[in-house]
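To start, the structure itself, in structure tokens.
The values are calculated or read from the model by the stated rules, or taken from the named source; none is laboratory data. As the structure is a prediction and not an experimental result, all values here were calculated from the model. Heads up, the Cβs are rebuilt from the backbone with ideal geometry, glycines too, and the neighbour counts pull from every protein chain shown. For the accessible areas, the whole protein counts, side chains as well, though only heavy atoms, and no ligand, DNA or RNA atoms are used. Shrake-Rupley method; radii C 1.70, N 1.55, O 1.52, S 1.80 Å.
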Amino acid sequence: MTQQQETGCVLRLFGAQSTAVGKTVENFPPQWRAAAQWKSRGAETLVALQAQSPSGLKKAAQALRQAFSADLYGAGETTLPAAVVEALERHDKLLICADAAAGALLEARLENLPGAEKVFDFGAVSYANPKTGPLIEKRARLPKDCTDPLRQALARAQAARRVVGADLSAACAERESDCVLVLSCRKGCFLRTVPAGENPALWLLDIIRRTAANKPQAEGTGFLPARRAAKKDVLPSPQPKRHPLRRVCMTLLVLALLAALAAVGAWEYTNGNFYALPEQLRALLTEHVPRPGATLV
């Protein structure tokens with residue numbers, strides 16, 4: 001008998017925690033006869049899967065796809081920029097840039113991709129347009145003394161999306177030690193602070209991909225609703241996850257409080273004699289419940 005040839009594939013994740021990938025791989029059932037190696041470079045993680053049968057490989061890949069459905073952007077040689085173009089095209093979204101800083105991050109990575117010109121304007125009808133650019137600045141309605149780069153980026157991103165009529169508008173607030181990435185959509189603005197030394201272009205591409213595909217953002221990405229985005233001058237912190245034990249404790253506390261109130265009421269009703277409570281309740285029910293044949297008035 002000949003042994004089945006070992007099969008393999010590569011899955012590409014962005015924004016996933018390496019420890020979470022390891023736990024998922026450790027939970028592969030032995031009968032799958034599948035193994036994985038993974039390597040993270042910044043926020044990007046490549047997972048190389050191997051199995052002794054196509055069915056085992058399929059099950060292992062499906063387990064990773066389910067566990068990291070929002071983080072998974074492709075397989076094999078797929079790049080993150082290509083995944084962004086595919087997501088924009090599939091969901092019929094138009095992406096523009098509100099300033100030159102965001103344009104510098106995106107244009108070089110998208111310019112040679114097939115179909116990119118259908119979903120991204122490369123500045124032609126937005127910030128780089130001689131008529132639209134000044135109109136975006138005017139619609140941003142920033143005070144003359146406003147020097148906060150984040151407020152400027154927020155205002156420009158929202159103004160550019162409305163002026164051009166695009167679905168998504170990207171902006172970048174450059175600061176001394178970091179930059180804040182802004183992506184405006186109809187519901188509000190996604191924001192993420194990227195320290196100096198990391199690759200802000202990849203983070204911006206991932207935010208765009210997730211937004212276009214209506215997928216949850218990576219941990220650490222904040223959101224401002226549309227009505228608040230123009231008024232905020234600080235980056236919102238990501239909402240902390242509520243621990244399920246806290247909800248259980250609150251429920252038990254409410255039940256304990258209700259039980260205490262019931263006990264106090266029973267004490268008052270029986271004049272301190274709890275043993276008389278059943279008989280008094282029985283008499284109360286007998287008095288108010290009509291007997292068979294009685295007529296209710």
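Using only alpha-carbon positions in the stretch 23-87, the gyration tensor eigenvalues give semi-axes of 23, 13, 11 Å once each is multiplied by 5 and square-rooted (largest first). Treating r as the C-beta distance of A75 and L255 and R0 as 41 Å, the FRET efficiency rounds to 0.25. Measuring max minus min along each principal axis, the C-alpha atoms of the stretch 99-197 give extents of 41, 34, 27 Å (largest first). Computed from the C-beta positions of Q37 and K215, the FRET efficiency with R₀ = 25 Å rounds to 0.45. Over the stretch 26-151, Cα pairs under 8 Å with separation of 6+ residues give a relative contact order of 15 percent.
A 26 angstrom limit on the alpha carbon distance is what I want to check against. Which of K39/K93; K59/K118; K93/K215 exceed it? Beyond 26 Å: K39/K93; K59/K118. Taking GluC sites (Glu not before Pro) across the stretch 171-215, the ones in a DSSP loop with at most 15 further Cβ atoms lying within 10 angstrom of their Cβ are E176. Applying 1/(1 + (r/R0)^6) with r as the Cβ-Cβ distance of E111 and K23 and R0 = 30 angstrom yields a FRET efficiency of 0.20.
Listed peptides 182-190, 254-262, 200-208 appear in the order 200-208, 182-190, 254-262 once ranked by packing, highest mean of other Cβ atoms within 10 Å at the front.
Modelled this way, with points 7 Å down the Cα-to-C-beta line, the labels at C146 and A226 are 1.8 nm from one another. In this structure the stretch 1-136 gives 57 Å² per residue of accessible area when probed at 1.4 Å with all protein chains present. Shape analysis of the stretch 85-142 based on the Cα gyration tensor places the equivalent ellipsoid semi-axes at 23, 12, 9 Å, largest first. In this label model, E176 and Q66 are separated by 5.0 nm, measuring between points 7 Å along each Cα→Cβ vector.
Ranked by the mean number of other Cβ atoms within 10 Å of their residues, highest first, the peptides 99-109, 151-161, 84-94 fall in the order 151-161, 99-109, 84-94.
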